[in-house]
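The values are calculated or read from the model by the stated rules, or taken from the named source; none is laboratory data. Predicted, not measured: the structure shown is a model, and the values here were computed from it. Virtual Cβ from ideal backbone geometry, glycine too; neighbours counted across all protein chains shown.
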């Protein structure tokens, strides 16, 4: 029964975000709720990649301006809205680096720096997605891949068969793969 209520909480968190997005599409003033919810993550992302606080503030403003301007093209796929915002931020940072390099007559910066940051952000998004899984699937994923427990150990801890644990793991990984694929598109 606890797993079912956790599933409801998980899906309602995504539904809540989806409703905010739909409301913002209908009325741009509703975008403020999405801004408040995601500003810290976007600002932290651009701040780690910019030279100054002023530049980070400019980039964060640019990200949210672009997001609002293109919100009509956003398609809900069950993936956190922050993933879309971070893709916009990644592009804005790259564009800024390239523009600055051209102005100085320097070669474009190494894209590995952006990719290293992208890996950290993908891990953060993955952690968020794991948190949205049904409770039993979360427990299996954390035990298996974070705590490095065997299927047998997890089965004993959960009072389930090894086959049931494998099935929970399979479903969780399929869900995570699907959402991560959506982020990459």
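From 116, 110, 121, grab the single residue that is touching a helix residue (DSSP H, G or I) at 6+ places or on another chain (Cβ under 8 Å) and modelled with pLDDT under 80. Being touching a helix residue (DSSP H, G or I) at 6+ places or on another chain (Cβ under 8 Å) and modelled with pLDDT under 80 holds for just one of 116, 110, 121, which is 121. Scanning the range 37-58 for residues being touching a residue at least 24 places away in the same chain (Cβ under 8 Å), under 19 Å from the mean Cα position of the chain (by Cα) and over 23 Å from residue 17 (Cβ atoms) gives a total of 2. Looking at 26, 33, just one residue is surrounded by fewer than 13 Cβ atoms within 10 Å (Cβ to Cβ) and at pLDDT 90 or above, and that residue is 26.
Against the conditions (1) surrounded by fewer than 14 Cβ atoms within 10 Å (Cβ to Cβ); (2) at pLDDT below 90; (3) closer than 27 Å to residue 96 by Cβ, residue 41 satisfies every one except (1).
Residue 82 falls short of the stated requirement of being over 26 Å from residue 178 (Cβ atoms), crowded, with 16+ Cβ neighbours inside 10 Å, modelled with pLDDT of 85 or more and in contact with a helix residue (DSSP H, G or I) (Cβ under 7 Å, 6 or more places away or on another chain).
Looking across the range 76-96, the residues that are outside any helix (DSSP H, G or I) and closer than 15 Å to residue 34 by Cβ come down to 76, 79, 80.
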